[in-house]
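Input: a single structure, listed below in structure tokens.
The values are calculated or read from the model by the stated rules, or taken from the named source; none is laboratory data. Values in this document were obtained by computation on a predicted structure and should not be read as measured data. Glycine also receives a Cβ, built like all others from the backbone with ideal geometry; neighbour counts cover every protein chain displayed. Remember, those area values only see protein heavy atoms, side chains included, never the ligands or the DNA or RNA. Shrake-Rupley method; radii C 1.70, N 1.55, O 1.52, S 1.80 Å.
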Amino acid sequence: MEVRGSVPPDQAPAPRPYEGVWRFTAPALDSSVPQVRRGVRALVADQGVPIDEDLLYGLLVIVSELVTNAVKHAAVLSPEITVEVAIGADWIRIAVEDNHPYRPRALEADHGQTGGRGLLLVKTITAEAGGQCDIAQTETGGKVIWAALPLRTTAL
């Protein structure tokens, strides 16, 4: 991933047209999962992000899992969640923030269970794409869970 802070400002490459950061909130309800997923898909398309179908599919699975976790596990203390999509020249990052202090771990789930594999799936998709994911505490005592994936761009 590119770090522009290490390049003198007058020598930094110009941002690409699709670069930026978008933040929005959604109620911590089950109906928000497909709405957020559709919103992220539309944002990526509208901005002209150079992303292949496989990576987009993985990104949308990550979005669904992170929003689902926030809805299922944090809604009691966080009636609203914040979703951030940040796009750089060669990466895309999705982050979901809630006000619940519990920091989940991506545990191996019992194969007999029907749930409990969301963060493991996020971690696996991210690793297979060559990206990174993590959980961080927020200043307000909640958490933000994020995943950053490298874009497989072609020369522009």
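Brief remarks follow.
- From the list V85, V71, V76, V36, the one residue that fits, being free of Cβ contacts under 8 Å to residues at least 60 places away in the same chain and open to solvent by less than 10 Å² (accessible area, probe 1.4 Å), is V36.
- Check on S64, under 18 Å from D134 (Cα atoms) and at pLDDT 95 or above: yes
- The set of residues from region 31-81 being within 20 Å of A127 (Cβ to Cβ) and either outside any helix (DSSP H, G or I) or small (G, A, S) (or both) comprises I51, D52, G58, S64.
- Hits in region 1-30 (condition: in contact with a helix residue (DSSP H, G or I) (Cβ under 9 Å, 6 or more places away or on another chain), in a loop (DSSP other than H, G, I, E, B), at pLDDT 80 or above and more than 18 Å from V144 (Cα to Cα)): P17, Y18, E19, D30
- If only residues of region 127-145 that are among the small types (G, A, S) and free of Cβ contacts under 8 Å to residues at least 40 places away in the same chain are counted, the one that is nearest to E84 (Cα to Cα) is A136.
- Selection status of V85, touching a Ser or Thr at 6+ places or on another chain (Cβ under 9 Å), of a type in the set (A, V, I, L, M) and at pLDDT 95 or above: no
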